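Engineer: Supplied in structure tokens, the structure appears directly below.
The numbers here are math on the coordinates, done by the rules we state, and not lab data. The structure presented is a predicted model; accordingly, all values stated were derived computationally and were not measured. No Cβ is skipped: glycine too gets one built from the backbone with ideal geometry, and neighbour counts run over all protein chains shown.
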Amino acid sequence: MVSSLKMLTHHSTTHNSPFTTHIKNMAYDKFNILKSTAVPLPIENVDTDQIIPARFLKATERVGFGDNLFRDWRYNPDNTPKTDFVLNNPTYSGKILVGGKNFGSGSSREHAAWAIYDYGFRAVVSSFFADIFRNNCLNIGVLPVQVSPEFAEKIFTAIHADPKTELEINLPAQTITLLSTGEKETFDISPYKKDNMINGFDDIDYLQSIKGEIEEFAANLPL
Amino acid sequence: MVRKIEGGPDVLFIDRHLIHEVTSPVAFLGLKSRGIGVLYPNRTFATADHNTPTINQHLPVADPLSANQLKALETNSNEYGISHWGLGHQKNGIVHVVGPEYGITQPGATIVCGDSHTSTHGAFGAIAFGIGTSEVEMVLATQCIMQPKPKKMRINVNGKLGKGVTPKDVALFIISQLTTSGATGYFVEYAGDVFENMSMEGRMTVCNLSIEMGARGGMIAPDETTIDYVKGREFSPKGEAWDKALAYYKTLKSDADAVFDKELTFDGSKIEPMITYGTNPGMGMGISQDIPDAAHVEGGAATYEKSLTYMGFSEGEHMIGKKVDFVFVGSCTNGRIEDFRAFTSLVKGKHKADDVTVWLVPGSHIVESQIKEEGLLDILTEAGFVLRQPGCSACLAMNDDKVPAGKYAVSTSNRNFEGRQGPGSRTMLASPLVAAAAAVTGKVTDPRTLIEELV
């Protein structure tokens, strides 16, 4: 594969957390253990145009995106709620959104992750995530939890049988548990991103802490 | 790579950063709230495209929200010393069209933009991919982002393409084979004589669509075609720097014994002009085929049915002959000169169908000038078409170029998602030739039946 990437000598640094030294901006709420009911959306290939349509991307500040989360699935053209859409069904609520396979495909708009966070979700569960969406979620404090297709199916079935079914997402232990049955699965997250989410850090905090190293690297590059 | 984190992402230095009005304002706000600046403003370039009108660009932008966003890009760029190609600027245009045109795109460079179609620049052997706004802020602040290492896939297409088969068809074919998520987690290298024989414009179309099968990026090894395109452009290296760059470009190819996590090979001669029938780009097929049954499609039947219901189509139907209300030629996928040449070659001597609205939107002012200089505009005008001004336009319908609810569009853009071209719009993705055939007949039409000598 074509690659121009070069490796710098690894500089040793001292860290409070394993990864970062800086004072934090607290870009989002810390994530530790989340116990909540969940909202099921068993549709595959939910793209970010559905999560937040392009016409709602005209803001220059990060405000109000939750109101337009799933806008065209949630509201009729006359702005009345579509009663058959899950977010308009009072039976379902919670801080966890459970989506179908390939959740968050398409446009890189971080507004999709903002809308999910702003609406009140702190985690999205799916058997498969699109790359950019997953990354955007991790960068703003929404935890993407990828489970096996079988476990996703169990969650949908359990919520369907009892909408009050709770899930427990334990980030330090990297587990998701269906509390009605006790069934549990582990999920992947890089140690770095896990540390960020538990502490409410973001990548800029980290990158700022290695700025000298970046500048040294850049000094040897053509534009 | 600046640094590798054990068990975590790599710290990647970004050579060239492109920004536009939609995904950058919150990043600049972030810088302000942190009290930090832009580390290397000469590595970032700003153009307005997503939200711009495609007629009367000399007038003030009517929509106050759009105007505000365009103004924010200008103010932020000026404040931090970033080159800004706003509406009315001669270099203004779609970010993934103007980047290569002005030589910002260079082989081997790392290039990012807050736009998923940044994969386009991989056509030059650049490592290029779309990012979110948090990452835009990271690049502005530190010129770096943090990314996990992707898996590697190689897709080989060999053989001679048939009459009327364009790079867009090759890409839509590959996506139809892999599905809309088949390359998620991968960077894709396109190889084989079909890509070797392709122009830079064609390669950009193919790499552009990599994201539509989930791939973060796609790339094609640089060769003489690449070097001929890059040489002499405004931001390309000059003199001694060019000689040095050239030597470097020539090293940018996969080793003969490179191992890929996945490798696929297709026969290019089997590909026909493609069209999509559903609500993701993986739902495409040869234009002469019938819409598949749910049983023959990977994934859940409920999702498939929802998709066909939205489109107003049924399993087993022909696509040929379906009514078309709108035709859109443009976007970062098919808004380059070759696309307008192809469209014009088919409509020449024919006339726009009466009940079709056709939007022809060049990707940049350079493309617009080429259309005029090559005499294409005269042919288009004669055939009843109007050329609009550069921008993203109906690809995502953030401006006024919206397909109304329930109406059908044949579009050369990249996404047929529900409501993508306007709330309730129904999109069929296709090549500029299929778009041309629809524009003159008002129906989905196989372009191969319309003219003998196709480009």
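Engineer: Please sort A:99-108, A:113-122, B:307-316 by packing, taking for each peptide the average over its residues of neighbouring beta carbons within 10 angstrom, highest first. List each step's numbers first, then the result.
Structural biologist: Numbers: A:99-108: 27.3, A:113-122: 22.1, B:307-316: 15.4.
Highest mean packing first, the order is A:99-108, A:113-122, B:307-316.
Engineer: Enumerate the residues in region A:189-223 having an amide nitrogen under 18 Å from the point lying 7 Å beyond the Cα of residue B:247 toward its Cβ.
Structural biologist: What the label zone holds, given the 18 Å backbone N cut-off, is A:220-223.
Engineer: What are the ³J(HN,Hα) couplings of region A:203-212, residue after residue, when phi is run through the Karplus curve with 6.51, -1.76, 1.60 and θ = phi - 60°? Round to Hz, x for glycine and proline.
Structural biologist: With the stated coefficients, region A:203-212 comes to 5, 5, 4, 5, 5, 4, 6, 10, 4, x Hz.
Engineer: Apply the Karplus parameterisation 6.51 cos²θ - 1.76 cosθ + 1.60, with θ equal to phi minus 60°, to every residue of region A:37-49 and state each ³J(HN,Hα) to the nearest whole Hz, in sequence, with x for glycine and proline.
Structural biologist: 5, 9, 9, x, 9, x, 10, 8, 6, 5, 8, 6, 5
Engineer: Next question. Which residue fluctuates the most in chain A, going by a Gaussian network model with Cα springs under 10 Å, if the choices are A:51, A:132, A:155?
Structural biologist: A:132
Engineer: Roughly what % antiparallel, to the nearest 5, for the DSSP beta bridges in chain B? Could you put the intermediate results ahead of the total?
Structural biologist: Working: 13 of 53 bridges.
In chain B, approximately 25 percent of DSSP beta bridges are antiparallel ones.
Engineer: Please state the charge dipole magnitude for region B:1-53, taken about the Cα centre, from unit charges on C-beta atoms (+1 on K and R, -1 on D and E), reported in debye and rounded to the nearest 20. Please report the intermediate quantities before stating the final value.
Structural biologist: Numbers: 6 positive and 5 negative charges, 45 e Å.
That gives a dipole near 220 debye.
Engineer: Using just the helices of chain B, give the 222 nm mean residue ellipticity in deg cm²/dmol: DSSP H runs with n ≥ 4 each add -39,500 (n - 2.57), and the total is spread over all residues, rounded to 500. Each step should come with its number before you reach the end.
Structural biologist: On the way: 15 runs with 139 residues, N = 455.
It lands at -8500 deg cm²/dmol.
Engineer: Please give the average number of partner chain Cβ atoms lying within 10 Å of the Cβ of each residue in A:196-209, rounded to a whole number. Could the numbers behind the result be given before it?
Structural biologist: Details: counts 2, 0, 0, 0, 0, 0, 5, 12, 13, 1, 9, 12, 6, 1.
Going residue by residue through A:196-209 and averaging, the value is 4.
Engineer: Now, a different point. Pick from A:74, A:62, A:134 the residue whose mean-square fluctuation is largest in a GNM of chain A, springs joining Cα atoms under 10 Å.
Structural biologist: Fluctuation is largest for A:62.
Engineer: Given the Cα-Cα distance of residue B:36 and residue B:90 and 0.36 nm per residue of separation, how much length would full extension add, in nm?
Structural biologist: On the way: separation 54, 0.36 × 54 = 19.44 nm, distance 3.12 nm.
Going from the current span to full extension adds 16.3 nm.
Engineer: Quick check on region B:50-102: take the gyration tensor over C-alpha atoms, sort the square-rooted eigenvalues as a ≥ b ≥ c, and tell me if it's rounded (a/c under 1.5), prolate or oblate.
Structural biologist: Values: a/c = 2.03, a/b = 1.16, b/c = 1.76.
Here region B:50-102 falls in the oblate category.
Engineer: OK, next. How big is the antiparallel share of DSSP beta bridges in the protein assembly as shown, given as a percent to the nearest 5?
Structural biologist: Values: 27 of 80 bridges.
Of all bridge pairs located within the protein assembly as shown, approximately 35 percent are antiparallel.
Engineer: So what are the ³J(HN,Hα) numbers for region B:237-246, from phi and the Karplus equation (6.51, -1.76, 1.60; θ = phi - 60°), rounded to whole Hz, Gly and Pro as x?
Structural biologist: After applying 6.51 cos²θ - 1.76 cosθ + 1.60, I find x, 10, x, 5, 4, 5, 4, 5, 4, 4 Hz.
Engineer: Oh, and also: Need one number: convex hull volume per residue for region B:3-147, Cα atoms only, in Å³.
Structural biologist: Numbers: hull volume 16.0 nm³, N = 145.
So the per-residue hull volume is 110 Å³.
Engineer: Amide H to amide H, which residues 5 or more places from residue B:425 or on other chains are under 5 Å from it, using H placed in the peptide plane?
Structural biologist: The answer is B:406, B:419.
Engineer: Quick one: net charge of residue A:133's neighbours, Cβ under 10 Å, K/R +1, D/E -1?
Structural biologist: -1
Engineer: What pairs in A:211/B:32; A:184/B:306; B:231/B:270; B:71/B:352; A:101/B:168 have C-alpha atoms more than 28 Å from each other?
Structural biologist: Numbers: A:211/B:32 18 Å; A:184/B:306 31 Å; B:231/B:270 35 Å; B:71/B:352 37 Å; A:101/B:168 26 Å.
Check vs 28 Å cut-off fails for A:184/B:306; B:231/B:270; B:71/B:352.
Engineer: Moving on to the next point. Rounded, prolate or oblate: pick one for region A:33-219, where a ≥ b ≥ c are the square roots of the eigenvalues of its C-alpha gyration tensor, a/c under 1.5 means rounded, and failing that, prolate if a/b is larger than b/c, else oblate. Intermediate results must be reported in sequence, preceding the final value.
Structural biologist: Values: a/c = 2.20, a/b = 1.25, b/c = 1.76.
It is oblate, given that a/c is not under 1.5 and a/b is not larger than b/c.
Engineer: Cα convex hull of chain B: mean projected area in nm², to one decimal? Don't jump to the answer; show the numbers that get you there.
Structural biologist: Details: hull surface 87.1 nm².
That works out to 21.8 nm², a quarter of the Cα hull's surface.
Engineer: Return the long-range amide H neighbours of residue B:87 (sequence gap of 5 or more, or a different chain), with a cut-off of under 5 Å between placed amide H atoms.
Structural biologist: B:48
Engineer: Also, I was wondering about something else. Averaged across the residues of A:125-132, what count of C-beta atoms belonging to other chains lies within 10 Å of each residue's C-beta? Each step should come with its number before you reach the end.
Structural biologist: Values: counts 0, 0, 0, 4, 4, 8, 16, 11.
Average per residue, whole number: 5.
Engineer: Also, quick follow-up: Taking the protein assembly as shown on its own, what percent of its Cα-Cα pair distances exceed 37 Å?
Structural biologist: The answer is 33 percent, as a whole percent.
Engineer: Taking each residue of A:41-52 in turn, how many C-beta atoms of other protein chains fall within 10 Å of its C-beta, and what is the average? Present the calculation step by step, with values, prior to reporting the outcome.
Structural biologist: On the way: counts 0, 3, 5, 11, 14, 2, 8, 2, 7, 5, 0, 0.
Per-residue shielding by partner chains comes out at 5.
Engineer: Moving on to the next point. Round to a whole angstrom and tell me the spacing of the C-alpha centers of region B:349-367 and region A:154-223.
Structural biologist: 47 Å
Engineer: Here's another thing I want to ask about it. Search the structure for amide H atoms under 5 Å from the amide H of residue B:191, placed 1.01 Å from N in the peptide plane, and list their residues when 5 or more places away or on another chain.
Structural biologist: Amide H neighbours of residue B:191: B:155, B:156, B:157.
Engineer: Here's something else I'd like to know. If I take the Cα coordinates of region B:317-455 and project them onto the principal axes, what are the three extents in Å, biggest first?
Structural biologist: Result, largest extent first: 37, 32, 23 Å.
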